[in-house]
1. Could you please rank Met66, Met75, placing first whichever residue has the fewest other Cβ atoms within 10 Å of its Cβ?
2. Go through the range 121-165 and name the trypsin sites (Lys or Arg not before Pro) that are in a DSSP coil and have 14 or fewer other Cβ atoms within 10 Å of their Cβ.
3. Using the alpha carbons of the range 113-185, what is the convex hull volume per residue in cubic angstrom, as a whole number?
4. Mind sorting Phe108, Phe134 by how few other Cβ atoms lie within 10 Å of their own Cβ, fewest first?
Amino acid sequence: MISTNRKPRAFAPDPAAPGQGCNSPGCLLDGEFRAPKSRTNLREFHWFCLEHVRAYNASWDYYKGMSEGEIEAEMRADASWQRPSWPLGQNGNAARLQEAVEAELHAFAFGTERPNPAPRSSAPPELREALEVFALVWPVSMETVKATYKALAKKHHPDANHGDKGAEERLKTINLAYATLRGRLA
């Protein structure tokens, strides 16, 4: 069976060669093979004949001028195609669990817990639930509500929690509570 989509061999001339001469000084052959100009500029090329591209590639070192630590970091980043990653199977949960444990330990050690909301009777009935969401005590200023809203929205935003549905629902509740308080206090 004959395949019609054959890949060109690595040593075959580049079909997109610009039709210029070899960039090696004194060479009169056509520059049919490309080679990157530098590590930081991999999309610009020198054009060489087959003999000179082989010599250029043999002497070219991508890691030239890098320390051992930089080489190690580059190789680790290449393992994930230069994309950020976290431990397999965790999807970022380890950091959130660690924060929760530290908060519990801090509360245990210093006895600081979330402040209790004011008794229900002191706040207007339509604001009680919203104040409980924000853990605020009546009377409250709009500046305090805004600051609390920003902190809670940042903490429970789905982008900060890797798409967690629970955080998304909590953010919806926070947004409704903020709209209620803003409408009454503004």
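1. Working: Met66 14, Met75 10.
Ranking Met66, Met75 by Cβ neighbours within 10 Å, fewest first, gives Met75, Met66.
2. Values: sites: Arg128, Lys146, Lys150, Lys154, Lys155, Lys165; in loops: none.
The qualifying sites: there are none.
3. Working: hull volume 6.3 nm³, N = 73.
Hull volume over Cα atoms, normalised by residue count, gives 86 Å³.
4. On the way: Phe108 10, Phe134 19.
Lowest count first: Phe108, Phe134.
Since every read-out is calculated from the coordinates, none of them should be taken as a lab result. Values in this document were obtained by computation on a predicted structure and should not be read as measured data. For neighbour counting, all protein chains shown are included, and Cβ atoms are generated from backbone atoms with ideal geometry for every residue, glycine included.
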